[in-house]
Structure formats: structure tokens, C-alpha cells
Amino acid sequence: TRAVISGESFKLSYYNEYKSYLSMSNSPKPPVDREQIYQWVQSLLNPETREQSLAELSKKRELVPDLAPLLWHSFGTMSALLQEIVAIYPLISPPQLTAQQSNSVCNALALLQCVASHQDTRGYFLQANIPLFLYPFLHTTSKQRQFEYLRLTSLGVVGALVKPDDKDVIQFLLNTEIIPLLLRIMEQGSELSKTVATFILQKILLDDHGLAYICYTFQRFQSVATVLQTMVESLTREPSGRLLKHVVRCYLRLTDNPRAKEALVRTMPPQLKDGSILHMVKQEDSSTKKWVQHLQRNLKPDANHQQY
């Protein structure tokens, strides 16, 4: 029996993954059958049993705190996960990926996310350049549901990497093409993909080196600012409080750079300047409201400004 997750339940599961970036649950975990976990890990090596094992381990990954080290240090397991990923490269362009194939690869990516998020394996994950195996998926532009889930799950792996504020992670990402990939998804993706991509950009900007990198040239700054402006305009037509939260935080962080701040004084979307966009923010979301107010204060004309 092949494990296939319905579209809506799959989407909901990865919305929950996104929420886990922002808050950690301390709820008690039910016991798991360790021997069964070991059997599933071992079964990943067999192509005949891999799909079912991927599905089972993906469902149980939140219940096994040491699953990441187990996956990393088990013989052949990481190679099996990468085999599952690279096997569908030929199906990306032209887009020929089926929903079942996408589901299986997304389960493999979910296990990679587990490895990326664990403090004992994150460094190994970067040293092996494993995030680069995901970039072909982030390059895809097909609007088909199976490709959207593929991009979303790949973003989930990167999101797991940036969550702990690790400077080595930011440095690694800045040496890759991650920023243009994020910007394209922020422009063209679904609301959820846009939200996760903007969250990742936010985490890069919150790092001092990341902010300096993006503001180093006017062209880099402008590419980010243009996409953020487009997103604000889009949000006025299709409101999303959770997406707005990350857009505002990106803008606020950019004002910490004097030259970027001066440029934003001239180009900030009027919906943020006058605060009219706050109508979509929930009453209990006080942080976004405070960020908008802080942003408005930061953008008051300054006689000692610096220009690009």
C-alpha cells in the first residue's frame, strides 16, 4: 500500500511546520516503539520499502527527539534520502512530477528538515552542502499543486536551518543563490510559500552580516525593497496578517542600515507610512503594530542621512 497524503491535509501539515518555526511546543510526547523506528530507518536502504518507511518516519519525527542523529549516523541513510531527491530532477523541467512522487520526496525532505533543525547534526548538514540539493526545487515555477508542496517543503528545510540564529548558517546561505530564489517565491508563490520565504529573508536580515550583505550595493537593496513593496501592494488586495508580520519586520530591520533607511524614506509604500494596512492585523497581534509604529518613527526625515 502506497502512502499518499491528500492535498489539503498535506497543506495543513506544512502550515503547522511553519508555525513551529515561531514557537516550540512543550507538550508531552506519547511513547514510540523504538524497535519499529530502527526498522523503518533500516528499511530506507531498500528501494522496495523506502516509500512506506519515509511516510512512517515523517509522521513520527516529532515524537523521536534523537531521530536526527539516528538518521545521520545510520549507515547509508542520508545517501538514501538524497537518492530519493535527485531521482526526480529529470521530472522538474519540463514539469512531469506526479502527486505521488512529490509526496514521497516531501517525506524525504521532512526528514532532512529534522536533521537540519537538530543542534547535533546541523553543522554536519551544512558541511556536506546538503541544502544545495534542494535548490533545483526552489527554482521551479510550475503552479501545479505537487510542485508547490515541493517548494514549500524545501523552504521548510531552510527555515529549520535559520531558526536558531546560527551565524554559520547565514554565512553558508549568503554564499549561495538563496536570496534571489527567496525573492522570486515571495513574488510568485502561494501565500504560505511567500510567508515561509519572507520568514527566511527576515532571519537573514536580522543577522548583522546578512544585513550588511543585502545593503552592500544599491542593486542588492533595491531588489529586496522592490519585492517587499510589491508584496505590500498585493496584501492590500489579498490580506494576510501572518505574511504582513514578516514583511514589516524585514522593512524595520532594513532601517537599521543608514543608507537603506534613507532610500526607504523616499520609497516606503504609503500603506505602511500612514498605517492604513494595519486593518488586517489581529487585535492580539501587538508586535506587528509596534513594529509598524517603530518603522514610522525610523522613517522620519533625518538631516544627517546617508545616500547610496
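Descriptive notes on the structure:
- Per residue, the chain exposes an accessible area of 48 Å² to a 1.4 Å probe, with every protein chain left in place.
- Split the accessible area of the chain by element, probe 1.4 Å, and carbon with sulfur accounts for 51%.
- Residue-by-residue Karplus 3J(HN,Hα) for segment 49-66, coefficients 6.51, -1.76, 1.60, Hz, glycine and proline x: 10, 5, 4, 5, 5, 4, 5, 5, 5, 4, 5, 9, 4, 6, 9, 10, x, 9
- Separation of the Gln219 and Gln36 label points, Cα + 7 Å toward Cβ, nm: 5.5
- Extension gain from Leu132 to Ala99, taking 0.36 nm per residue of separation minus the Cα-Cα distance: 9.6 nm
- Calculated FRET efficiency for the pair Glu48/Ser287, C-beta based, R₀ 45 Å, to 0.05: 0.35
- For the chain, the relative contact order comes to 13 percent (Cα pairs under 8 Å, sequence separation of at least 6).
- Taking every protein chain into account, the 1.4 Å probe leaves Thr140 with about 20 Å² of accessible area, to the nearest ten.
- Distance between the C-alpha centres of segment 146-168 and segment 212-228: 21 Å, rounded to the whole angstrom.
- A Förster distance of 22 Å, applied to the separation of the beta-carbon atoms of Arg266 and His294, puts the FRET efficiency at 0.70.
- Ordering Gly189, Ile88, Leu174 by Cα displacement along the dipole of the chain toward the positive end leaves Gly189 in first place; charges were set at the Cβ atoms of Lys, Arg (+1) and Asp, Glu (-1).
- Accessible surface for Phe221 stands near 10 Å², nearest 10, in the context of the full protein assembly shown (1.4 Å probe).
- Residue ranking by accessible heavy-atom surface, 1.4 Å probe, largest first, among Glu238, Glu56 comes out as Glu238, Glu56.
- Per-residue packing, averaged as other Cβ atoms within 10 Å, sorts the ranges 160-166, 46-52 into the order 160-166, 46-52, beginning with the highest.
- Residue order for Thr121, Thr176, Thr141 - accessible surface, 1.4 angstrom probe, largest first: Thr141, Thr176, Thr121
- Among Gln127, Gln296, Gln171: highest mean-square fluctuation, GNM of the chain, C-alpha pairs under 10 Å: Gln127
- Ranking by accessible area, most exposed first, for His294, His118, His246 with a 1.4 Å probe: His294, His118, His246
- On Cα atoms only, tilt of 218-237 relative to the major axis of the chain in degrees: 80
- Among Asp256, Asp33, Asp168, the largest mean-square fluctuation in a Gaussian network model of the chain, built with springs joining Cα atoms closer than 10 Å, belongs to Asp33.
- Placing unit charges on the Cβ atoms only, positive for Lys and Arg and negative for Asp and Glu, gives the chain a dipole magnitude near 840 debye about its Cα centre.
- Among the GluC sites (Glu not before Pro) in segment 232-308, those placed in a DSSP loop whose Cβ has at most 14 other Cβ atoms within 10 Å are Glu284.
The values are calculated or read from the model by the stated rules, or taken from the named source; none is laboratory data. Remember, it's a predicted structure, so these values are computed and weren't measured experimentally. Cβ sites come from the backbone with ideal geometry, for glycine too, and all protein chains shown count toward neighbours. Areas reflect the complete protein model, heavy atoms only, side chains present, ligands, DNA and RNA absent. Shrake-Rupley method; radii C 1.70, N 1.55, O 1.52, S 1.80 Å.
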